[in-house]
């Protein structure tokens, strides 16, 4: 099908875009990369009266590092992130996760901000930003506010963004030295929507212990950070039986969605399997780093 | 603002101007306004990949981009892949020789996605080829020949760029 008619605006500045959103409120949809929105327009699942296209706003697609924090403009393309030397050096978890998103031709257009603001429960980036407890910078009529992932994601396809607000920047802490990261997911076909995805990042201290563990999981109404599971790894290490116990705990903690593709119980089982895979891979990589350093 | 907009899109080196509604998809602009029907529309919601074209030298799904967003852009479609004298692009030649097409509906998308793969990764492994081709759905189940064709085209393109460097 073809999209229903809409009024189209392509503002040249953030202020102009915010003005349009203020004027049109919930009648308007924001067009970033369009890889989730345009299919819904074509199928007329969504028929917004107004489209505000962010693609002509300059300086919204940066990827920069300042003081150990990597900052992404909301319109940074997934393809740009996939091929970014800065990202592969500072955020290998993101470098790995981005390859699970759609396909190379969709990553050409798809953006980091669009993916986060769309808040698909199957999506990789919300789980990753949740695992790393990044900052989501939101701009609206009364200025800027910074949200944590737990505040930003409020339900499937729902965020804390007001109709007149825009996600403008994402900040993620660069991976500390002596760390390893891995992203694991299972989908029915290669690079199709994930049933469950797990983001893991582990930091090993000088004595070889797991000093900091970060775990984020998709497949639930909102992405979940599994703090109790992280604590098991931080207290008891990364031995095989500990990781198995941590994965069991993860399966207890999650509250996965149920749909035509998989039951909630099956997604729970996948969560256990993927926590083992992601933690084992991250630990192996962290140890390799540690070994290289020693 | 539901009025039409004037746009200019360069397709395979030729400028095409048009007055389009904002909801006009790039795929429809290419096929109906520019009259180049080599780009196929399968699912029209970004799943099948048949409509893949290059915009600014990188692959996109033309059913997921509005024509107004391509204003001023350079687009390459399947019609622009062969040389003007009709010599097939190495990818096209390899598809022919390896019988990498059956009904041919997905072929334009396969070729453009493969072109993008080989530009970013001139020496892909078989797994990397398969991952890239997962972006395009073939319903004749002809993937084996397609993988072989892309592998062979990569080899030929490496050999010819090696010669150019050497020459």
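Each value in this text was obtained by applying a stated rule to the coordinates, not by laboratory testing. Small disclaimer: the values here were computed from a predicted structure and weren't measured. Note that each Cβ is placed from the backbone with ideal geometry, even for glycine, and that neighbours are counted across all protein chains shown.
Quick notes on this one:
- Calculated FRET efficiency, residue A:23 to residue A:145, Cβ-Cβ distance, R0 = 22 Å: about 0.60 to the nearest 0.05.
- Percentage of interatomic Cα-Cα distances in the stretch A:7-56 larger than 12 Å: 60 percent
- Over all projection directions, the Cα-based convex hull of the stretch A:179-293 averages an area of 6.9 nm².
- DSSP beta bridge pairing in the protein assembly as shown, given as percent antiparallel to the nearest 5: 85 percent
- Using the Cβ-Cβ distance between residue A:62 and residue A:288 with R0 set to 41 Å, the FRET efficiency from 1/(1 + (r/R0)^6) comes to roughly 0.85.
- A simple spin-label model places the labels of residue A:12 and residue A:85 3.4 nm from each other, with each point 7 Å out along Cα-to-Cβ.
- Percent breakdown of C-alpha pair distances by 5 Å bin, ordered from the shortest bin, for chain B: 2, 9, 18, 21, 19, 14, 9, 5, 2, 1, 0, 0
- Springs between Cα atoms under 10 Å define the GNM used for chain A, and in it the highest mean-square fluctuation of A:124, A:230, A:240 occurs at A:240.
- Packing-based ranking, highest mean first, of B:10-19, B:80-89 given that Cβ atoms within 10 Å are counted: B:10-19, B:80-89
- Note on residue A:236 and residue A:265: the extension gain reaches 7.7 nm, defined as 0.36 nm multiplied by sequence separation minus the Cα-Cα distance.
- In plain terms, the chain from residue A:133 to residue A:45 could stretch by 28.5 nm, reckoned as 0.36 nm per residue minus the Cα-Cα distance.
- Cα gyration tensor, chain A - rounded (a/c under 1.5), prolate or oblate: prolate
- Taking the DSSP beta bridges with both ends in the stretch B:3-143, the antiparallel portion is around 90 percent.
- 19 Å reach of a label modelled at residue B:144, 7 Å along Cα-to-Cβ, counting backbone N of the stretch B:98-134: B:98-104, B:126-131, B:133-134
- By other beta-carbon atoms within 10 Å, ranking A:196, B:9 with the fewest at the front produces B:9, A:196.
- Centroid-to-centroid separation of the stretch A:209-281 and the stretch A:51-125 [C-alpha atoms, Å]: 25 Å
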